[in-house]
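Notes follow once the structure below has been shown.
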Amino acid sequence: MYVKSFGCQMNVYDSQRMADTLAPEGYLEAATAEDADLIILNTCHIREKAAEKVYSELGRVRRLKEAAAADGRNVLIAVAGCVAQAQGDEIIRRAPAVDLVVGSQNYHRLPDLIARVRRDGKAVDTEFPLDDKFDHLAIPSLASTRARGVTAFVTVQEGCDKFCTFCVVPYTRGAETSRPVDKILTEVERLAEAGVREITLIGQNVNAYHGEGPDGRPWSLARLLGLIAQLRGIERLRYTTSHPLDMADDLIAAHRDLPQLMPQLHLPVQSGSDRILAAMNRRHTRADYVKVVARLRQARADLALTSDFIVGFPGETEEDFAATLSLVGEIGYSGAFSFKYSPRPGTPGADMDDQVDEAAKSDRLHRLQAAIDRSQAAFNHSCLGRTFSVLFERPGRHGGQLVGRSPYRQPVQIEAPPALIGEIAPVTITEVASNSLFGALALAQEPALAGAGA
Ligand code: 5AD
Ligand code: SF4
């Protein structure tokens, strides 16, 4: 079996759960698609380009299937994820080599669906079932968790009720739901047992988390983080992706009170213009966002912020765009993603009149990316000479090198023995090149930046 993930971290997590669910059925993870008898593409529908990638990949995979058939091998092709959810059997019409289309809420049914395909031919399952997929998805073996490394994602929340006018997520992932605290805790305990040191809690709107706690009441994300922080072995915590409106007081306080919570936050703003924020139905103004950031920085002075931006949303003028550029300067991001607006079928934005032409979108994207690059470079350069904790994740490209991450999530490369993988140690930054930091093991950490375990 070969699972290829496109798009966000939620898909990476789901791909691993699909592999875990199929492992007891005898499906082993293959190193390449060529070696697999089941190929699953876990797709992304967020922008047109992402969705189109699936079809070019399907062309490649179809040729593999044909070559295998010539050798007498039957290779099954499955399409999972958000394109599957949005397009259903249309995928099989457009790409007849596809055997199975499975929506993002139905992965626990994969073993049955595959059996059905082998028996009856093609199958499509994109319902939103009432039973919770998380209750049925298999847990990974200790060995496969170890093989996946010392950092892990855990989905705590799925779907979204915000309905930003550009976004397909509320349609492809459905209404916002949160997993119960005890289920998450069990999963994190297992990960810790397998040597995972850093957990990132993920969800499309993760800070709207309100899962049932052990007391039967809804718990906030801050409370969940506080509980996980007490687990032995978990040294670092992160969460993503957050909506500015759901940055609750207790979550802001957690950035002050929980030393395990890393000082980096992905807080997408999309635009710096109030007019565009309103048209996007973001439900907050630029001033609201700036205020939330100020409160976060009051709680944790060295908090590094990252964001997502969209340029060329319908009606965006040069003046609106200038407001976005000025916000980048005002916040001082440590990094950000930026995208050209891509009209998504079924979303309100796609039907808006004043679509921005492609040339203006490209021009704005270039200018925005240049501003983000400057901001990121300034942040990285401010790290030169500083000493902070690094979690070593894997060997580097060159022998004797390890790659780890700083508290601010920057990749850090150092010369160190492989035995340090999974360890957290102080590193002094000696060089900054493009987006990577280079450093050397330090004897002690800067006292001002020290935090428990990080
Ligand atoms: N066009 C362009 N970018 C989009 N995003 C979401 N929908 C669209 C769209 N239709 C971006 C947003 C979001 C990120 C995950 O993808 O910036 O935060
Ligand atoms: Fe999409 Fe995020 Fe807006 Fe939800 S909050 S609709 S996931 S952009």
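Here, each number is a calculation from the coordinates, and none is a lab measurement. All values reported here derive from a predicted model rather than from experimental measurement. Ideal geometry is used to build each Cβ from the backbone, glycine not excepted, and the neighbour counts take in all protein chains shown.
Can you list residues whose amide H is under 5 Å from Leu261's amide H, if they're 5+ apart or on another chain and H is modeled 1.01 Å from N?
Leu237
Just checking the chain: which Cys have no other cysteine's beta-carbon under 4.7 Å?
Cys8, Cys44, Cys82, Cys160, Cys383
Counting every Cα pair in the range 150-233, what percent are over 18 Å apart?
So the portion of pairs separated by more than 18 Å is 44 percent.
Please arrange Val83, Val168 by how many other C-beta atoms lie within 10 Å of their C-beta, fewest to most.
Val168, Val83
Of all DSSP beta bridges located in the chain, what percent are antiparallel, nearest 5? Before the final figure, lay out the partial values.
Working: 23 of 63 bridges.
Here the share of antiparallel DSSP bridges comes out near 35 percent.
With a point put 7 Å past each Cα toward its Cβ, work out how far Glu66 is from Glu415 in nm, to one decimal.
Simple spin-label model gives 5.2 nm for this pair.
Tell me, what is the percent relative contact order of the range 45-116, built from C-alpha pairs under 8 Å that lie six or more residues apart? Working shown, then result.
Details: 60 pairs, mean separation 19.1, N = 72.
Reported as a whole number, the value is 26 percent.
So what is the relative contact order for the range 1-141, in percent, with contacts set as C-alpha pairs under 8 Å and at least six apart?
Relative contact order for the range 1-141 comes out at 24 percent.
How would the range 1-146 be classified by its alpha-carbon gyration tensor: rounded, prolate or oblate, with rounded meaning a/c under 1.5 and the a/b versus b/c comparison settling the rest?
rounded
Classify the range 38-111 as rounded, prolate or oblate, taking a ≥ b ≥ c as the square roots of the eigenvalues of its Cα gyration tensor: rounded when a/c is under 1.5, otherwise prolate if a/b is larger than b/c and oblate if not.
Oblate, because a/c is 1.5 or more while a/b does not exceed b/c.
What are the ³J(HN,Hα) couplings of the range 220-237, residue after residue, when phi is run through the Karplus curve with 6.51, -1.76, 1.60 and θ = phi - 60°? Round to Hz, x for glycine and proline.
In residue order, the calculated couplings are 7, 4, 4, 5, 4, 4, x, 5, 5, 4, 7, 6, 5, x, 8, 9, 9, 10 Hz.
Go through 59-68, 420-429 and give me the packing order, highest mean Cβ count within 10 Å leading.
For the peptides 59-68, 420-429, the packing ranking is 420-429, 59-68.
Which of rounded, prolate, oblate describes the range 317-454, given a ≥ b ≥ c as roots of the alpha-carbon gyration tensor eigenvalues and a/c under 1.5 marking rounded, otherwise prolate only if a/b is larger than b/c? Walk me through the numbers before you get to the answer.
Details: a/c = 2.93, a/b = 2.35, b/c = 1.24.
Taking the square roots of the gyration eigenvalues as a ≥ b ≥ c, the range 317-454 is prolate.
Output ³J(HN,Hα) for the range 111-122: one whole-Hz value per residue in order, computed from phi by the Karplus curve 6.51 cos²θ - 1.76 cosθ + 1.60 with θ = phi - 60°, and x for Gly and Pro.
x, 5, 5, 5, 4, 5, 4, 5, 7, 10, x, 4
Looking at the range 306-454, what % of its DSSP beta bridges pair antiparallel, to the nearest 5?
Beta bridges within the range 306-454, antiparallel portion: roughly 70 percent.
In percent, what relative contact order does the range 105-147 have, based on Cα pairs under 8 Å that are 6 or more apart in sequence? Can you show the working numbers first?
Working: 22 pairs, mean separation 21.5, N = 43.
It rounds to 50 percent for the range 105-147.
Let's see if you can work this out: charge +1 on each Lys and Arg Cβ, -1 on each Asp and Glu Cβ, no other charges. What is the dipole magnitude of the chain about its Cα centre, in debye to the nearest 20?
In total the dipole reaches around 580 debye.
Using θ = phi - 60° and the Karplus curve 6.51 cos²θ - 1.76 cosθ + 1.60, what whole-Hz ³J(HN,Hα) does each residue of the range 384-397 get, with Gly and Pro shown as x?
Values per residue, Gly and Pro as x: 4, x, 7, 10, 9, 6, 10, 8, 7, 9, 6, x, x, 6 Hz.
Hey, if you drop one equal point scatterer on each alpha-carbon of the range 235-278 and run the Debye formula without solvent, what base-10 log of I(q)/I(0) do you get at q = 0.21 Å⁻¹?
-0.75
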